[in-house]
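The values are calculated or read from the model by the stated rules, or taken from the named source; none is laboratory data. Remember, it's a predicted structure, so these values are computed and weren't measured experimentally. Virtual Cβ from ideal backbone geometry, glycine too; neighbours counted across all protein chains shown. Side chains included, ligands, DNA and RNA excluded: accessible areas come from the protein's heavy atoms. Shrake-Rupley method; radii C 1.70, N 1.55, O 1.52, S 1.80 Å.
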Amino acid sequence: VQLVESGGGLVQAGGSLRLSCAASGSRFSIVTMGWYRQAPGKQRELVATITNGDGRTNYAESAKGRFTISRDNAKNTMYLQMNSLKPEDTDVYYCNAGGVALETARYLEVWGQGTLVTVSS
């Protein structure tokens, strides 16, 4: 499976952005998807996840109340709506998918290439 993010860019503090992650490929059964972010020199950290079956969501404390993760299964696309953005939200945001490779029955994780979000003060 391949993941392609889009929607990053420059926004002023208090503004909004919506990130998209399009998944392609048929030999992979997705169990969960998520958004992570990483600043230069820092570890990649969780932003939010969503399970494929029941749509349960999980958010980092910093994202609660401001960000919303969602999925459109018909389009194989995941979204992250980010509102009330702060300068400290400036990071590269990565899409992640965890699932089972149908040919090997092994659990794998796949990452997108990342999209830069810059929030100016």
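Where residues in the stretch 62-94 are of a type in the set (S, T, Y) and at negative phi, which of them is least open to solvent (accessible area, probe 1.4 Å)?
Filtering the stretch 62-94 for residues that are of a type in the set (S, T, Y) and at negative phi, the one least open to solvent (accessible area, probe 1.4 Å) comes out as Y93.
How do the pairs read when you match residues in the stretch 45-59 that are closer than 14 Å to D89 by Cβ with residues anywhere that are part of a loop (DSSP other than H, G, I, E, B) and among the polar types (S, T, N, Q), using Cβ under 9 Å and keeping only pairs 6 or more apart or on different chains?
E45/S62; V47/S62
Look through A101, A97 and report the one residue that is in contact with a Lys or Arg (Cβ under 9 Å, 6 or more places away or on another chain), under 17 Å from F28 (Cβ atoms) and open to solvent by less than 50 Å² (accessible area, probe 1.4 Å).
A101
Here are some residues: G114, G34, G25. Which one is in contact with an Asp or Glu (Cβ under 8 Å, 6 or more places away or on another chain), surrounded by 11 or more Cβ atoms within 10 Å (Cβ to Cβ) and within 18 Å of L3 (Cβ to Cβ)?
G114
Name, by its number, the condition in (1) farther than 13 Å from V1 by Cβ; (2) at pLDDT 95 or above that does not hold for T104.
Only one criterion in (1) farther than 13 Å from V1 by Cβ; (2) at pLDDT 95 or above is unmet by T104, namely (2).
Looking at the stretch 92-116 only, could you name the residues that are touching a residue at least 40 places away in the same chain (Cβ under 8 Å) and outside any strand (DSSP E or B)?
Within the stretch 92-116, the first condition is being touching a residue at least 40 places away in the same chain (Cβ under 8 Å), and the residues that meet it are 92-103, 107-108, 110-116.
Matches in the stretch 92-116: L102, E103, G112, Q113, G114.
Name the single residue, out of those in the stretch 41-61 being in contact with a Lys or Arg (Cβ under 8 Å, 6 or more places away or on another chain) and within 19 Å of I30 (Cβ to Cβ), that is surrounded by the most Cβ atoms within 10 Å (Cβ to Cβ).
Only one residue fits best here, namely V47.
Every residue in the stretch 35-49 that is touching a Phe, Trp or Tyr at 6+ places or on another chain (Cβ under 9 Å) and not basic (K, R), please. Step through it out loud before you land on a result.
Taking the stretch 35-49 and keeping what is touching a Phe, Trp or Tyr at 6+ places or on another chain (Cβ under 9 Å), we get 35-38, 44-49.
Those that are touching a Phe, Trp or Tyr at 6+ places or on another chain (Cβ under 9 Å) and not basic (K, R): W35, Y36, Q38, E45, L46, V47, A48, T49.
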